[in-house]
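Please read the structure below before turning to the comments.
The values are calculated or read from the model by the stated rules, or taken from the named source; none is laboratory data. Computed from a predicted structure; not experimentally measured. Please note: Cβ atoms are built from the backbone with ideal geometry, for glycine as well, and neighbour counts cover all protein chains shown.
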Amino acid sequence: MLRDRFLSPYQHGSSAVHRWPAGAKLLAAVGCVFLVVLLPRSAWWAYAAIAAGLVAVSLAARADLRGMLVRLLLLEPFVIGIALLALLKPGGVPLFLSMLTKSTLCLATMILLTATTRFSDLLAVLWRIRVPALLVTTLALMHRYLFVLVEEMERMQRARRSRTFVAGRTSAWRNSAQVAGQLFVRTSERAERVYLAMCARGWKA
Amino acid sequence: MHVPDGFLDARTLAATAGLAAVGLGLALREVRRNLPPRRVPLIGLAAAFVFAAQMLNFPVAAGTSGHLIGAALAAVLLGPAAAIVAMTAVLLLQSLMFADGGITALGANVLNLAVIAPLAAYGVYRAVRSIAGTGQQATLLATGFAAWCSTMAAALACAVQLAASGVVEWGTVLAAMGSVHMVIGLGEAVITMLIVAVVLRARPELVTSAVPAMQPTHRRTVAYGTALVIGLMVLVAPFASSLPDGLEHVAERFGFASLASASQPAPLPDYSLVPLADSSPWLATVLAGALGALVAFAVAWFVARALAAPVHPTARH
Amino acid sequence: MRPGLEGVSLLDVRDLAYRYPDGHEALRGLTFTLAPGERVALIGPNGAGKSTLLLHLNGLLPDRPPANPAITVDGLPLVEPNLPEVRRRVGLLFQDPDDQLFCPTVWEDVAFGPQQLGVREPRLSGLVRESLAQVGLAGFEDRLPHHLSRGEKRRVCLAGLLACDARLLVLDEPTSDLDPRGRRELMALLTGLAVGQLIATHDLEFVVEICPRAIVLDGGRIVADGPSRQLLDDEQLMLAHGLERPHILRHRHPH
């Protein structure tokens with residue numbers, strides 16, 4: 001399902017790229033992104049070289065190129081939208097093109113990173129580089145329960161929809177809002193139980 | 001309004017990253033010190049909740065849908081510090097895993113959506129509640145208006161960053177982002193109010209309530225005072241264009257004098273906003289903002305009234 | 001496994017009572033003991049207080065342990081200073097494994113308990129591996145929780161408790177949402193473990209098959225405590241407390 005594919009960018013594989021340590025991959029990706037951003041606007045040869053590099057790594061990782069392309073295309077409209085603002089300036093076409101290229105390259109880098117690196121490994125890296133514990137715990141819990149909550153939400157939506165006989169904007173808004181509200185209440189209660197489970201296994205805040 | 005990589009210049013990236021780090025650091029410290037351990041897992045789960053809720057559809061017209069941003073919702077349900085941490089987590093996940101919002105621009109996005117937005121929301125929420133009271137209707141009104149204000153605050157911050165990076169003219173980006181987000185803000189306000197109404201009905205204790213209510217006499221004073229100020233702005237503003245050159249000077253400095261057709265303030269014999277825009281674009285902007293706020297407040301007021309109505313209004317004895 | 005002192009019961013509950021903040025009296029003077037290695041079922045209608053009792057056994061309820069505790073685990077009275085040790089010895093398996101499986105990967109979740117107890121590498125990885133093998137999930141270290149089936153999630157939770165060297169496993173409705181295969185696997189697993197077990201359940205066939213002893217709870221009180229077959233065969237007793245005679249006892253086959 002497209003939604004599942006969207007929520008789980010990681011593609012399991014056993015290539016050399018997959019086996020690189022997560023910290024190194026994160027550093028490389030972030031470094032690449034910074035490089036692209038800080039390059040002069042018309043460094044087209046540099047952009048081309050980086051693009052070639054990304055393609056090379058993707059091939060080495062035996063990544064699902066089509067899947068990654070789909071992700072790229074899904075996110076591209078937002079990039080184009082903001083870049084269009086540059087066209088409002090007189091002589092803004094080169095600026096528009098350069099912004100577009102930079103953003104796309106950065107997007108592609110991150111897509112490649114998440115396709116070859118597991119989120120839990122990235123979390124471990126954050127922990128090692130001493131990102132505040134509270135933030136890492138929050139990220140970990142968020143990622144863990146994201147799918148649980150999304151599934152719960154879909155179940156509630158299905159239940160609502162099967163009892164909504166008049167399709168329309170009002171009922172759609174009401175249903176979505178009620179699902180969200182109920183989801184928060186349930187999430188709150190689940191958070192209580194998770195707290196108890198953490199305490200039961202010796203956790204101290 | 002997530003800013004992708006490649007739009008902001010190095011100076012803006014650094015400045016926003018620094019501010020975001022400070023904001024986040026303070027929030028983390030506040031949570032560590034004052035949040036009871038029971039509520040710590042809730043921050044993570046609430047972040048997952050915001051992420052999930054952002055997927056819900058709120059159809060607008062002809063196939064387009066609105067979506068929740070969630071900063072105001074988080075602030076009202078978790079309090080400001082926890083909301084900052086939760087929204088930061090959401091943005092980090094969006095940026096790292098879904099390439100939604102750039103990596104270098106993370107500082108800017110965190111600053112706008114995870115620090116400014118929840119803080120603005122909470123500030124407005126508290127302020128409105130201290131005037132309007134702590135009942136269900138007042139809480140909903142405060143929530144709605146807070147959501148609109150937080151959207152505008154984030155949009156304005158984003159506009160400042162885009163303009164400072166030389167991507168767009170200040171006047172253009174302000175007009176573009178401001179006007180669009182006035183409408184988006186209304187959607188955010190209504191959606192947030194609807195959701196909070198559900199929570200209020202099911203588990204009212206989950207909605208942040210630690211606000212001391214003002215004395216009734218003080219309340220009236222503040223309400224009248226606010227009305228007076230807004231009224232003054234609307235009535236007096238046209239004549240303010242004949243104020244000294246100071247304003248024009250400011251307008252030139254900020255670089256959006258390109259919107260102004262005259263470099264001298266023109267005398268205004270009649271009350272109209274268009275010539276005003278020509279000579280004092282700054283005031284016109286402020287006016288537009290104030291009008292937008294008034295509209296948002298009114299919308300929030302009406303929706304709050306509708307939502308807080310008793311469940312069975314037709315019950316008769 | 002540490003040998004228990006001769007004659008010291010694994011769990012000793014004496015006149016346990018509990019009232020919720022809203023005034024509802026959930027437990028009214030419960031008294032029972034468990035011997036080391038014993039497997040006991042806790043049955044009763046919904047609302048009888050089963051889950052409330054279970055939360056008491058490792059000190060999650062009440063919010064503050066009382067000065068004169070009603071519960072003693074392995075000779076340790078359940079008071080504040082003993083809480084960490086009691087929580088190690090009493091492994092509580094929650095009804096919804098998603099609530100308990102809160103770490104990003106299986107490995108991290110099984111390692112969570114031992115890490116809190118101070119276990120470090122290289123012993124930690126070995127411990128995780130052994131515990132997963134014990135529950136039949138060898139090789140699952142790198143799996144993500146939301147990719148697992150319900151039964152697998154439950155077993156990962158169990159592995160996490162075993163990794164802390166729990167002496168008493170307390171399980172809340174472990175078969176409630178398992179398919180027949182998952183249920184059979186869990187039953188085989190539990191019978192193969194030597195630790196003591198207290199299992200709250202509605203699954204009366206399960207009780208007959210693997211629990212020699214049953215405690216019937218109703219309205220916060222223990223109404224019966226004895227050999228499962230005998231209690232569950234007592235139709236009047238069963239019906240009086242919102243239960244019924246399980247099929248396995250109704251249709252006896254000569255085998």
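Among all residue pairs at least 6 apart or on different chains, which show Cβ distances below 8 Å where the first residue, located in the stretch A:179-199, is more than 7 Å from chain B (Cβ to nearest Cβ) and crowded, with 18+ Cβ neighbours inside 10 Å and the second is not in a helix (DSSP H, G or I) and not hydrophobic (A, V, I, L, M, F, W, C)?
none
When the stretch C:22-47 is examined, which residues are found to be more than 14 Å from the chain's Cα centre (by Cα), surrounded by fewer than 24 Cβ atoms within 10 Å (Cβ to Cβ) and not in a strand (DSSP E or B)?
C:22, C:23, C:24, C:35, C:45, C:46, C:47
Which residue out of B:61, B:14, B:21 is more than 9 Å from chain A (Cβ to nearest Cβ) and more than 27 Å from residue B:79 (Cβ to Cβ)?
Going through B:61, B:14, B:21 in turn, the sole match is B:14.
For residue A:130, work out the one condition from (1) closer than 18 Å to residue A:21 by Cα; (2) within 19 Å of the chain's Cα centre (by Cα); (3) not β-branched (Val, Ile, Thr) it doesn't fulfil.
For residue A:130, the exception is condition (2).
Please go through the stretch A:158-178 and pick out each residue that is facing chain B (nearest Cβ under 7 Å) and either modelled with pLDDT of 90 or more or under 22 Å from residue A:146 (Cα atoms) (or both).
Answer for the stretch A:158-178, where residues must be facing chain B (nearest Cβ under 7 Å) and either modelled with pLDDT of 90 or more or under 22 Å from residue A:146 (Cα atoms) (or both): A:176, A:177, A:178.
Can you work out which of the residues in the stretch A:98-139 that are more than 7 Å from chain B (Cβ to nearest Cβ) and of a type in the set (Gly, Ala, Ser) is surrounded by the fewest Cβ atoms within 10 Å (Cβ to Cβ)?
A:133
Go through the stretch B:1-11 residue by residue and tally those that are facing chain A (nearest Cβ under 9 Å) and surrounded by fewer than 14 Cβ atoms within 10 Å (Cβ to Cβ).
So the answer is 1.
What's the number of the only condition in (1) over 28 Å from residue C:162 (Cβ atoms); (2) in contact with a strand residue (DSSP E or B) (Cβ under 6 Å, 6 or more places away or on another chain); (3) in contact (Cβ under 8 Å) with a residue 60 or more places away in the chain that residue C:54 fails to meet?
(1)
Among the candidates C:57, C:92, C:10, C:16, which residue alone is closer than 21 Å to residue C:160 by Cα, more than 14 Å from chain A (Cβ to nearest Cβ) and crowded, with 19+ Cβ neighbours inside 10 Å?
C:10
Residues are listed down the side, and each one gets a yes or a no for (1) of a type in the set (S, T, N, Q); (2) surrounded by fewer than 20 Cβ atoms within 10 Å (Cβ to Cβ); (3) within 7 Å of chain A (Cβ to nearest Cβ):
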site: B:36; (1), (2), (3): no, yes, no
site: B:40; (1), (2), (3): no, no, yes
site: B:48; (1), (2), (3): no, no, yes
site: B:54; (1), (2), (3): yes, yes, no
site: B:70; (1), (2), (3): no, no, no
site: B:73; (1), (2), (3): no, no, no
site: B:80; (1), (2), (3): no, no, no
site: B:91; (1), (2), (3): no, no, no
site: B:95; (1), (2), (3): yes, no, no
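Residues being outside any helix (DSSP H, G or I) and either more than 9 Å from chain B (Cβ to nearest Cβ) or modelled with pLDDT of 85 or more (or both): count how many of those fall in the stretch A:63-91.
Step one: list which residues in the stretch A:63-91 are outside any helix (DSSP H, G or I), which gives A:63-64, A:88-91.
Going one step further and asking which of them are either more than 9 Å from chain B (Cβ to nearest Cβ) or modelled with pLDDT of 85 or more (or both), we end up with A:63-64, A:90-91.
Going through the stretch A:63-91 one residue at a time, the tally reaches 4.
Please go through the stretch C:208-247 and give me each residue that is in contact with a Pro (Cβ under 8 Å, 6 or more places away or on another chain), buried (at least 17 other Cβ atoms within 10 Å of the Cβ) and closer than 20 Å to residue C:47 by Cα, ordered by number.
Start the filter on the stretch C:208-247 by keeping residues that are in contact with a Pro (Cβ under 8 Å, 6 or more places away or on another chain), which leaves C:208, C:212-214, C:218, C:227-228, C:232, C:241-243.
Checking the rest, the ones that are also buried (at least 17 other Cβ atoms within 10 Å of the Cβ) come to C:208, C:213-214, C:218, C:228, C:232, C:241, C:243.
Within the stretch C:208-247, C:214, C:218, C:232, C:241, C:243 qualify.
A quick yes/no check of all residues on (1) in contact with a Gly (Cβ under 6 Å, 6 or more places away or on another chain); (2) farther than 23 Å from residue C:242 by Cα:
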position	(1), (2)
C:23	no, yes
C:27	yes, no
C:36	yes, yes
C:41	no, no
C:58	no, yes
C:67	no, yes
C:88	no, yes
C:99	no, yes
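Need pairs with beta-carbon distance below 9 Å; first residue at the interface with chain A (Cβ under 9 Å from one of its Cβ atoms) and within the stretch B:185-206, second surrounded by fewer than 21 Cβ atoms within 10 Å (Cβ to Cβ) and charged (D, E, K, R); sequence gap 6+ or separate chains.
B:194/A:174; B:203/A:189
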